[in-house]
Amino acid sequence: MARDGHVVPVDPQTALTVKKKKQSSRSWILLDCTGQGTVLDVDKYAIMHRVQIHARDLRILDPLLSYPSKILGRERAIVLNLEHIKAIITAEEVLLRDPTDEHVIPVVEELQRRLPPSNVFQEYQGGLHDGEAEEDESPFEFRALEVALEAICSFLAARTTELETAAYPALDELTTKISSRNLDRVRKLKSAMTRLTARVQKVRDELEQLLDDDEDMADLYLSRKTSSSSPVSGSGPANWFPASPTIGSKISRASRASIATARGDEDDIEELEMLLEAYFMQIDGTLNKLTTDRSIRKICSLFSEMKHFVIDKFRLEFDT
């Protein structure tokens, strides 16, 4: 809250960076395919050995370093760096960094709710029809990836709405009365908007880059690579998952009937492409809102105009 009593949106990423510097960089939570979580306090070498990734891949998840949003497909893991969501996804488990962080806790809870296969939920919810369970089939790594994408898109959209909400009263007060206090308030909003736009742009660009490269998308099919390299298939838990109200889930469920026939084609990436496309459209909409919203754009132009007006006014008063 500003000194004048007005609420100015705090950039969560700035607060998050400061907080993470005080936290142990060894803190992880491991979520298995049943949604059970185990908190780990291990060094980077233990993580690298468990998921078999290189140090350079793990480095992008270091909270003390500032790396842009990235989704990397490796032989046995997906390395995910999306703002505060720093995770490693395998075909059977998810490792999530800093599980006690206030922005990460909801992601952990959602993963615990949506990772278990549907047969686990049937024990508690009276069961599902066989047809529904079949229709909801999806690889474990895609369920985990979808939770992360949904969380980061919703998080950035919420920050954009907060900024938009704060912009209207700030503009009204500045146009009503030009003062250093009102100018400072608008300046903070303009800075917050610039930082948020850059963050949204990075997530959007990473999704677009993935969608433009079929090989990169194919690298994210961990279950397919695991089953093709294993002499025994189908020995793991079923990949059935109950219906989810998210965009990606709706689209992927609608397409799975046709995709199932092509499941044996190692080059088929349609299911993942539709999942990524759904969230690309969502984050692209957030970016468009930041760059085209009238109130937010007016913040930038009005601040520049008022700043020069005040400078000229003080200069004239000084000369006289």
H103: accessible area at probe 1.4 Å, nearest 10 Å²?
50
Could you look at region 26-82 and say what percent of its accessible area is carbon and sulfur, using a 1.4 Å probe and all protein chains?
49
Estimated FRET transfer efficiency (T165, M48; beta-carbon r; R0 41 Å; 0.05):
0.40
By accessible area of protein heavy atoms, probe 1.4 Å, what ranking do C153, C33 get, highest first?
C33, C153
Going down the list K86/K289; K44/K289; K70/K289; K44/K188; K44/K190, which pairs span over 29 Å between their C-alpha atoms?
K44/K289; K44/K188; K44/K190
Starting from 0.36 nm per residue, how many nanometres of slack lie between D32 and I178 once their C-alpha separation is accounted for?
46.9 nm
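The values are calculated or read from the model by the stated rules, or taken from the named source; none is laboratory data. Only a predicted model underlies this, so the values are computations on that prediction, with no experimental measurement involved. When we count neighbours, we look across all protein chains shown, and the Cβ atoms used for this are built from the backbone with ideal geometry, even at glycine. Side chains are part of the model used for accessible areas, which takes the heavy atoms of the whole protein and leaves out ligands, DNA and RNA. Shrake-Rupley method; radii C 1.70, N 1.55, O 1.52, S 1.80 Å.
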